[in-house]
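One structure is given below, encoded as structure tokens.
Readers should treat all values here as calculations from the given coordinates under stated rules, not as data from a laboratory. From a predicted model like this one, the values you see are computed outputs, not experimental measurements. Heads up, the Cβs are rebuilt from the backbone with ideal geometry, glycines too, and the neighbour counts pull from every protein chain shown.
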Number of protein chains: 2
Amino acid sequence: MKIIRRPEVMVAWSENLRRQGVTIGFVPTMGALHEGHRSLIRAGRRRSDALVVSVFVNPTQFGPTEDFARYPRVLDRDHALCRTEGVDVCFEPTVEAMYPKGYQTVVMVSEITRRWEGERRPHHFQGVATVVTKLFRIVQPHFAVFGQKDYQQVLLVRRLVQDLNLGVKIIICPTVREPDGLAMSSRNIYLSEQERTIAPLLYKSLKAGSEAIRKGVIEAALVQSTMAAVLKQEPRFTIEYLAVCDPLTLEPLTLVTSKAILLGAVRLGSVRLIDNLIVSPARNQRAKRLSSA
Amino acid sequence: MKIIRRPEVMVAWSENLRRQGVTIGFVPTMGALHEGHRSLIRAGRRRSDALVVSVFVNPTQFGPTEDFARYPRVLDRDHALCRTEGVDVCFEPTVEAMYPKGYQTVVMVSEITRRWEGERRPHHFQGVATVVTKLFRIVQPHFAVFGQKDYQQVLLVRRLVQDLNLGVKIIICPTVREPDGLAMSSRNIYLSEQERTIAPLLYKSLKAGSEAIRKGVIEAALVQSTMAAVLKQEPRFTIEYLAVCDPLTLEPLTLVTSKAILLGAVRLGSVRLIDNLIVSPARNQRAKRLSSA
């Protein structure tokens, strides 16, 4: 496996392969790779001739009070995982190479980033959109793989690619979970032992919402209170949002009559956890909707 | 000459040529082509195997009170000029193809756009940065040619390319002028016969500033009043700005001790004219500066 640090070397590598008709796959990460990343890498590996994984903890997507400085950095372990999975290039630029002196450009995607994470983390998605645009131009992949765990980010990237004609196909992989349901995240290591025990309640709360919908509940408010009830069992959770949304626009729904996404964000001690679940309403609800149309 | 209207067709054309190692040159325009454009096209033609000219009156770079609706559109004449100059492709997308329903992404370059045109035309440069990013991804040129007439725009594009790793070389061509010195512009056709007679005073004012500097004036304020004096001969001019700036940052200078740029923007009736001139100080001023360093 090649380790490339300089953007111009990465560009040259990719341009050379593209001229040869090689299909380049790309998995952008912030490192501290876990089983979720492994599944993205495997999905990328299956579809590509050459696979690039980037490891870059992007400062511009962290807020001033967030965890940029303490974000886990374990390059050696990341390299080992990438080697095991047959990655061709690990691209790990420095912050200075990505944002040199005089840097002054940002990319902003508006509507899709307005709510939920965008509301709680100002500038976060601006940082994401900018670094993704840059990485796509440096790595020049034919496709890139993202995890459903960061659902709003996935929608943002799809929109960005379409709007700026970036020409990269976006592939989404299902969230990988611990046996107890907790969504894999590099930030899970921040959880204390006690917090770790109760962390799966976020997923359980989404499951409860999903079950309600499957059983025929169509009022979003009722679904929401079902989800909240699960989390309120445990006073250490602070709910940031629990939402029932349109899966394409992320606008909140009043009635769940077709496919929806349940979004959740909570604080648990010093850690912020997010998760989501796509859900389809009970068959008879869909039937009702069709007959009234 | 091929006329391409659909972005996806343009992308396919360019990708195919790039795989063959063909060098693609690009001249982005808003049409109503004049001798200034012709010089850009010729510069592009000399350096490229395949040359693309785009004709797209980009709505997002016009302010609500500006001339988007009445901007001259003369496609047949533009095609004739392109054919004469040996252009390979004229790319002329519709507004709907560039900004389809649901479009929501912008690109912003901050410091370089803060003053001068950016201050007088809010959102103008955001529109320019966004459409240039899109056009570069659609046309995928190796280099693109811009005119020095829109000097701030040129600096913006250079910064944008560097910041977002767009991988397009930017070539700047000198401003082409009418025999009486008026800088060529598609908007000159808005000038009444009377206005047209006095319009060259903007260039004369820049020339006067430049002469003063060459003769040893180093106080920017003095250069500025010299320029203003020329325009004040003619009360029909409204001066928007006359500035003596650093040619890389566009920050105003106090003393002209090395290369500078003179920027001018005026209103003449309903028309807004801009122009600029790069100038080097008198030899003895440069010597003074060196000896005091």
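As an exercise, use a Förster radius of 56 Å and the Cβ-Cβ distance of B:Ala80 and A:Ile3 to find the FRET efficiency, rounded to the nearest 0.05.
Plugging the Cβ-Cβ distance into 1/(1 + (r/R0)^6) gives 0.55.
Pairing the Cα long axis of helix A:35-47 with the longest principal axis of chain A, what angle in degrees results, from 0 to 90 and rounded to the nearest 10?
Result, in degrees: 60.
Return one quarter of the surface area of the convex hull spanned by the alpha-carbon atoms of the protein assembly as shown, equal to its mean projected area, in nm².
Average projection, Cα convex hull of the protein assembly as shown: 32.6 nm².
7 Å from Cα along Cα→Cβ at both B:His123 and A:Thr197: what's the point-to-point distance in nm?
Taking the two extended label points, one gets 5.6 nm.
Students often forget the sequence filter, so: which aspartates and glutamates lie under 12 Å Cα-Cα from A:Lys149 once same-chain residues fewer than 8 apart are removed?
Within the straight-line limit of under 12 Å, A:Lys149 reaches these aspartates and glutamates: A:Asp275.
Round to the nearest 0.05 the FRET efficiency obtained for B:Thr257 and B:Glu211 when R0 = 25 Å and r is the Cβ-Cβ distance.
0.90
Got a sec? How would B:Asp180, B:Asp88, B:Asp275 order by Cβ neighbour count within 10 Å, fewest to most?
Sorted ascending by nearby Cβ count, the order is B:Asp180, B:Asp88, B:Asp275.
Could you list the square roots of 5 times each eigenvalue of the Cα gyration tensor of the stretch A:155-250, that is, the equivalent ellipsoid semi-axes, sorted largest first and rounded to whole Å?
Ellipsoid half-lengths, sorted descending, are 28, 21, 12 Å.
On a 0 to 90 degree scale, rounded to 10, what angle separates helix A:283-292 from the longest Cα axis of chain A?
Value to nearest ten degrees: 80.
Take peptide B:150-161, look around each residue's Cβ out to 10 angstrom, count Cβ atoms belonging to other protein chains, and average those counts.
Other-chain Cβ atoms within 10 Å of each residue's Cβ, averaged: 1.
Using R₀ = 30 Å, calculate the FRET efficiency as 1/(1 + (r/R₀)^6) where r is the Cβ-Cβ separation of B:Glu15 and B:Lys169; round to 0.05.
Once the sixth-power term is evaluated, E becomes 0.95.
Kirkwood hydrodynamic radius (Cα pairs, Å) of the stretch B:2-173?
About 16.3 Å for the stretch B:2-173.
For the charge dipole of the protein assembly as shown, defined by +1 on Lys and Arg C-beta atoms and -1 on Asp and Glu C-beta atoms about the Cα centroid, which residue among A:Ser210, A:Thr175, B:Ala144 has the Cα displaced farthest towards the positive pole?
B:Ala144
Past 20 Å, Cα to Cα: identify those pairs from A:Lys101/A:Lys134; B:Lys204/B:Lys232; A:Lys2/A:Lys169, in the order given.
A:Lys2/A:Lys169
Could you line up B:His37, B:His142, B:His124 from fewest to most neighbouring Cβ atoms inside 10 Å?
So the ranking, lowest neighbour count to highest, is B:His142, B:His124, B:His37.
When you look at the Cβ of every residue in B:106-113, what mean number of other chain Cβ atoms sits within 10 Å?
Per residue, the average neighbour count from other chains is 5.
Let me know the mean shielding of B:196-209 by other chains, meaning the per-residue number of their Cβ atoms within 10 Å of its Cβ.
Mean partner-chain Cβ count within 10 Å for B:196-209: 0.
Could you list A:Tyr241, B:Tyr151 so that the one with the fewest beta carbons within 10 Å of its beta carbon is first and the one with the most is last?
Lowest to highest Cβ neighbour count: A:Tyr241, B:Tyr151.
Please check: in the Gaussian network model of chain B (C-alpha springs, under 10 Å), which one of B:Gln153, B:Gln61, B:Gln20 has the largest mean-square fluctuation.
With Cα springs under 10 Å in chain B, the top fluctuation among B:Gln153, B:Gln61, B:Gln20 is at B:Gln20.
For B:Phe68 paired with B:Thr238, estimate the spin-label separation in nm (one decimal), with each label point 7 Å from Cα along the Cα-to-Cβ line.
Going by the 7 Å Cα→Cβ label model, 2.2 nm.
What ³J(HN,Hα) values, in whole Hz, does the Karplus curve 6.51 cos²θ - 1.76 cosθ + 1.60 give for the stretch B:20-33 when θ = phi - 60°, with x put for Gly and Pro?
7, x, 6, 8, 9, x, 9, 10, x, 9, 9, x, 6, 5
Within the stretch A:205-223, what residues put their amide N at less than 15 Å from the label point 7 Å along the Cα-to-Cβ vector of A:Asp180?
A:205
Restricting to Cα pairs below 8 Å that are 6+ residues apart, what does the relative contact order work out to for the stretch B:186-292? Please round to a whole percent.
For the stretch B:186-292, the relative contact order is 29 percent.
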